[in-house]
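Participant: If you scroll down you'll find the structure; I have some questions about it.
The values are calculated or read from the model by the stated rules, or taken from the named source; none is laboratory data. Please read all numbers here as calculations on a predicted model, not as lab measurements. Cβ coordinates were reconstructed from backbone atoms using ideal geometry, including for glycine residues, and neighbour counts include every protein chain displayed. For the accessible areas, the whole protein counts, side chains as well, though only heavy atoms, and no ligand, DNA or RNA atoms are used. Shrake-Rupley method; radii C 1.70, N 1.55, O 1.52, S 1.80 Å.
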Amino acid sequence: MTLTRRTLVAAGLSAPAILSLGTRARAATTLKISHQFPGGTLEEGDFRDRACRKFAAALAERSKGALELQVYPGSSLMKTNAQFGAIRKGALDMTLYPSPYAGGEVPEMNIGLMPGLVTSYAQATAWKNAPVGRKLTEILESKGVVVVSWVWQAGGVASRERPLYAPGDAKGLKVRGGSREMDLMMKAAGAATLSIPSNESYAAMQTGACDAVITSSTSLISFRLEELSKSLTSGAQHTYWLMWEPIMMSKIVFDRLPKDQQDLIMAIGAELETFGQAGAKADDTRVEEVFTKAGAKVQQLDEKTLGQWRDIAKDTAWKDFANKSASCAELLKLAEQVS
């Protein structure tokens, strides 16, 4: 039977209504993003959670409801270490994830927390469009991962008792470094190390399993480590700890979307990078205020001490990484070209 306007009206429908139904059918696409950090709101809380919420709000508005993004903070959807493997398999749509946590599956990801390799935000943000960034993006796409938004964070050291400032301070301490490469540097300086996600740092310090935690300024605040610490080595001016913490998406899921939705996701991700870097820099200052108020001794690394840590890192972590594979060696070489 031919559908005429009279037939449509008799059925209680109109052409615009049919188009609307088609739009609503497309609107059923709901994505999920998971991260390990404390939840908040669009305006308050950990900037990484806020970035995810801003992403969700922008996506819903600019897709006119065709795409929705549900945010799951605090590893409430799945455990922290499972998230990277899940996006590779298409079992999770998106994650905001510390790059070195993925090093067990994709060793090249450990370059995102290579001690002493990246020592400023200017150097870090230059990676995206430099050969090292293009190579890293290419490697991840071959592993089933799309990099949506580039965010870097500086970090420092919170200690239960004595400060961990210079390499000579590390001897005898149990330290959470955050990556295999950080651990290699700390071991060379005389520390024992433990490998845990940053959201488990409070419990480790509280029980005495860990004497010092090296993590981002934001995590030092969000996980309330000032409550257990007597000292902070801040990364506000100089740091050997700068970590890549991107928003990533499953390539399986990404490839299923129409081109206009793919473009929208990538555009919003790029726009959020300014917000992410501003949040990271603000927390580098705020962490000093938080720890000082709690009664901790706060000090900043000087260039000489940073150089001492970097020399150890080059002899241990950098060499170990370069020896893993030709791909790792190439990445390191390309990274050293970015100043």
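Participant: For the stretch 145-242, which trypsin sites (Lys or Arg not before Pro) pass both filters: DSSP loop (anything but H, G, I, E, B) and at most 12 other C-beta atoms within 10 Å?
Facilitator: On the way: sites: 160, 171, 174, 176, 180, 187, 224, 230; in loops: 160, 171, 224, 230.
Taking the stretch 145-242 and a limit of 12 other Cβ atoms within 10 Å, the loop trypsin sites (Lys or Arg not before Pro) found are 171.
Participant: Restrict the search to the stretch 41-79; then list the GluC sites (Glu not before Pro) that DSSP places in a loop and that have at most 13 other Cβ atoms within 10 Å of their Cβ.
Facilitator: On the way: sites: 43, 44, 61, 68; in loops: 43, 44.
Of the GluC sites (Glu not before Pro), the ones in loops of the stretch 41-79 whose Cβ has at most 13 other Cβ atoms within 10 Å are 43, 44.
Participant: Same structure again: Are there trypsin sites (Lys or Arg not before Pro) in the stretch 253-339 that DSSP puts in a loop and that have at most 13 other Cβ atoms within 10 Å, and which ones? It would help to have the intermediate numbers written out before the result.
Facilitator: Working: sites: 256, 259, 281, 286, 293, 297, 304, 310, 314, 319, 324, 333; in loops: 324.
In loop regions of the stretch 253-339 (DSSP not H, G, I, E or B), there are no sparsely surrounded trypsin sites (Lys or Arg not before Pro).
Participant: Using modelled amide H (1.01 Å from N, peptide plane; none on Pro or chain starts), what sits under 5 Å from the amide H of residue 32, excluding residues fewer than 5 places away?
Facilitator: Sorted by chain and number, the residues that satisfy this are 70, 93, 94.
Participant: Just to confirm, what accessible area per residue do you get for the stretch 29-336 at 1.4 Å probe, in whole Å²?
Facilitator: Details: 11920 Å² over 308 residues.
Here the residues of the stretch 29-336 average 39 Å² of exposed surface.
Participant: Still on this structure, I have one more. What do you reckon, how do 302, 49 stack up by accessible area (1.4 Å probe), largest on top?
Facilitator: Sorted by accessible area, descending: 302, 49.
Participant: Still on this structure, please answer the following. Once every DSSP H run of n ≥ 4 in the chain is given -39500 (n - 2.57) and the sum is divided by its residues, what mean residue ellipticity at 222 nm do you get, rounded to the nearest 500 deg cm²/dmol? Spell out each step's value before the answer.
Facilitator: Details: 14 runs with 147 residues, N = 339.
Helix-only estimate at 222 nm: -13000 deg cm²/dmol.
Participant: From the backbone phi of the stretch 325-337, what are the Karplus-calculated ³J(HN,Hα) couplings (6.51 cos²θ - 1.76 cosθ + 1.60, θ = phi - 60°) in whole Hz, Gly and Pro given as x?
Facilitator: Per-residue couplings from phi come out as 6, 5, 5, 5, 4, 5, 4, 4, 4, 5, 5, 5, 7 Hz.
Participant: Rounded, prolate or oblate: which one fits the stretch 83-206, using the alpha carbon gyration tensor with axes a ≥ b ≥ c (rounded when a/c is under 1.5, else prolate when a/b beats b/c, else oblate)? Numbers along the way, then the final one.
Facilitator: On the way: a/c = 2.31, a/b = 1.62, b/c = 1.43.
Note, shape of the stretch 83-206 comes out prolate.
Participant: Here's something else I'd like to know. Per-residue accessible area for residue 78 at 1.4 Å probe radius, Å² rounded to 10?
Facilitator: Ignoring ligands and nucleic acids, residue 78 comes out at about 40 Å².
Participant: Taking amide H positions as placed 1.01 Å from N in the peptide plane, with prolines and chain starts having none, which residues 5 or more places from residue 152, or on another chain, fall under 5 Å of its amide H?
Facilitator: 245
Participant: With a 1.4 Å probe and all protein chains left in place, how much of the accessible area of the chain comes from carbon and sulfur atoms, in whole percent? Before the final figure, lay out each step's value.
Facilitator: Numbers: 7520 of 14590 Å².
On the chain, the fraction of accessible area on carbon and sulfur atoms equals 52 percent.
Participant: Right, here's the next one. Whole-Hz Karplus ³J(HN,Hα) for the stretch 220-226, in order, using 6.51 cos²θ - 1.76 cosθ + 1.60 and θ = phi - 60°, x for Gly and Pro?
Facilitator: In residue order, the calculated couplings are 4, 7, 4, 9, 6, 6, 5 Hz.
Participant: Tell me, what is the FRET efficiency for residue 207 and residue 64 to the nearest 0.05, using R0 = 51 angstrom and their Cβ-Cβ distance as r? Spell out each step's value before the answer.
Facilitator: Working: r = 50 Å, r/R0 = 0.98.
Plugging the Cβ-Cβ distance into 1/(1 + (r/R0)^6) gives 0.50.
Participant: Percent antiparallel among DSSP beta bridges with both residues in the stretch 29-336, to the nearest 5? Don't jump to the answer; show the numbers that get you there.
Facilitator: On the way: 18 of 35 bridges.
Given both bridge residues lie in the stretch 29-336, the antiparallel proportion sits at roughly 50 percent.
Participant: How large is ³J(HN,Hα) for each residue in the stretch 157-165, as worked out from phi by the Karplus curve 6.51 cos²θ - 1.76 cosθ + 1.60 (θ = phi - 60°), to whole Hz, x for Gly and Pro?
Facilitator: Those phi angles translate into 10, 9, 10, 5, 10, 6, x, 10, 10 Hz.
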